[in-house]
Amino acid sequence: MRAILFHKYGSPDVLELREVEKPIPKDDEVLVKVHAASANPLDWHRMEGTPIFARMVFGLLKPKNPKLGADVAGRVEAVGRNIEQFKPGDEVFGMARGSAGAFAEYVCATENGLALKPANVSFEEVASVYVAALTALQGLRDTGKIQSGQKVLINGASGGVGTFAVQIAKSFGAAVTGVTSTRNVEMVRSIGADHVIDYTQEDFTKNGQRYDLIFDAIANHSVLEYKRALSRGGICAIAGFSTMRHMFQVMIIGSLVSMTGSKTIGGMGVARPNKKDLVFIRELLESSKVVPVIDRRYTLSEVPEAIRYLETGRARGKVVITVSPTP
């Protein structure tokens with residue numbers, strides 16, 4: 001089978017399309033014939049070996065696992081003897097085992113890392129879900145404690161995580177304000193945002209508005225700016241960090257603000273694997289309360305170009321890899 005591999009850290013130039021052995025599922029694994037996958041910042045950080053301390057996990061001098069791709073959608077090809085929830089032929093979506101290997105024609109996943117694909121959603125759409133949608137859900141619900149009727153602001157509302165966050169926040173009954181660039185204002189409004197702020201024209205931390213919950217998918221403001229934009233008792237959940245300096249600022253100053261006042265500011269990292277959350281997202285997809293936004297589609301051989309585009313930070317929604325077109 002064909003798969004994208006990398007044997008050293010670097011730019012997308014290190015990625016190679018190779019012929020490799022088709023994986024054999026272990027007793028607790030499901031073998032999936034991949035129809036589609038999607039690219040995430042997790043993939044380029046793994047490819048680059050950044051931030052540097054992440055190499056304690058990825059591999060110090062070179063990658064321990066030469067495969068890329070976390071999000072996956074396809075059909076079950078075979079199952080291990082301990083698998084009870086799936087059978088060959090089932091259409092599924094979720095995450096590759098170890099969050100790596102989906103940029104290939106076949107990949108193994110755990111039973112808890114998969115759910116049945118909704119019939120009303122394409123393989124390409126559902127392949128965009130796992131990392132981005134679970135990051136948005138867990139940030140809004142678990143870190144942000146979202147409640148119906150709250151004023152919620154999504155910073156980075158047009159990106160992969162942000163487009164899911166806008167729709168998930170609306171499904172909880174919140175009044176949602178999305179922050180994005182001029183070219184994406186109408187798109188963010190079309191997916192349900194009640195208000196949209198064009199950050200090239202207005203700074204949400206200086207306009208006098210206050211929010212019960214800020215979900216920041218791009219992390220480009222200081223702790224004091226977040227504090228100024230929060231209502232009393234408000235929470236800011238930061239899903240990513242623009243720089244190491246920003247991360248330490250949130251960890252140190254954000255913790256002090258949270259301990260000494262009525263406002264809470266903190267980071268949350270990427271999605272935590274969770275079967276119940278995956279099923280919850282599946283129900284939102286089935287009811288069309290959440291509709292994945294896809295910017296561009298690439299083939300398996302074009303994964304380096306897909307990663308380069310994702311790294312520009314200009315993707316509107318998700319970047320999808322079509323591996324095996326659906327008949």
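Side notes on the structure shown:
- A simple spin-label model places the labels of Asp90 and Asp198 4.8 nm from each other, with each point 7 Å out along Cα-to-Cβ.
- Of Pro51, Val303, Pro41, farthest towards positive along the dipole that unit charges on Lys, Arg, Asp, Glu beta carbons give the chain: Pro51
- Taking Leu256, Leu284, Leu31 as the candidate residues, the one with maximal mean-square fluctuation in a Gaussian network model of the chain, Cα springs under 10 Å, is Leu256.
- Linear extension gain, Ala119 paired with Leu61, 0.36 nm per residue minus alpha-carbon span: 16.5 nm
- Computed from the Cβ-Cβ distance with R0 of 22 Å, the FRET efficiency linking His45 to Lys275 stands at 0.35.
- Of the residues Asn112, Thr205, Gly89, the one whose Cα sits farthest towards the positive end of the charge dipole of the chain is Thr205 (charges of +1 on Lys and Arg Cβ, -1 on Asp and Glu Cβ, taken about the Cα centre).
- The Cα center of segment 78-98 and the Cα center of segment 228-297 differ in position by 29 Å.
- For Glu21 and Met251, the FRET efficiency from 1/(1 + (r/R0)^6), where r spans their Cβ atoms and R0 equals 41 Å, is about 0.45.
- For the chain, calculated [θ]222 nm from helices alone, where every DSSP H run of n ≥ 4 adds -39500 (n - 2.57): -6500 deg cm²/dmol
- Computed about the Cα centre, the dipole magnitude for segment 59-110 is approximately 340 debye when only Lys and Arg (+1) and Asp and Glu (-1) carry charge, each at its Cβ.
- Across segment 52-61, rounded Karplus estimates of 3J(HN,Hα) from the backbone phi angles (6.51 cos²θ - 1.76 cosθ + 1.60, θ = phi - 60°) give 4, 5, 5, 5, 5, 9, 6, x, 5, 9 Hz, Gly and Pro being marked x.
- Note on the chain: with charges restricted to the Cβ of Lys and Arg (+1) and Asp and Glu (-1), its dipole about the Cα centre is near 700 debye.
- Distant-in-sequence amide contacts of Val290, defined by a placed amide H-H separation under 5 Å and a gap of 5 or more residues or a different chain, comprise Leu285.
- Cα-based convex hull volume of the chain per residue, rounded to whole Å³: 130 Å³
- Segments 48-55, 305-312, 213-220, 110-117 sorted - mean Cβ within 10 Å per residue, highest first: 213-220, 110-117, 305-312, 48-55
- Theoretical FRET efficiency, 1/(1+(r/R0)^6), r = Cβ-Cβ of Ala54 and Ser181, R0 30 Å, to 0.05: 0.55
- Remark on Ala78: its backbone amide H falls under 5 Å from those of Leu31, a criterion applied only to residues 5 or more positions apart or on other chains, H modelled at 1.01 Å from N.
- Estimated dipole of segment 132-267 in Debye, rounded to 20 [Cβ of Lys and Arg +1, of Asp and Glu -1, Cα centre]: 300 debye
- Backbone HN-Hα couplings from phi across segment 196-205 [Karplus 6.51/-1.76/1.60, Hz, Gly and Pro as x]: 10, 10, 7, 5, 6, 10, 8, 9, 5, 7
- Applied to segment 83-100, the Karplus parametrisation 6.51 cos²θ - 1.76 cosθ + 1.60 on θ = phi - 60° returns per-residue 3J(HN,Hα) values of 7, 10, 8, 10, 9, x, x, 5, 8, 9, 8, x, 10, 5, 4, x, 6, 8 Hz, with x for Gly and Pro.
- Modelled spin labels at Thr260 and Ser231, positioned 7 Å past Cα toward Cβ, are 2.6 nm from each other.
- Label-point separation, His7 to Arg314 (7 Å along Cα→Cβ), nm: 3.4 nm
We did not get these values from a lab; they are worked out from the coordinates using the rules stated. Being a predicted model, the structure only gives us computed values, none of them experimental. Here the Cβ is made from the backbone with ideal geometry for all residues, glycine too, and neighbour counts use every protein chain on show.
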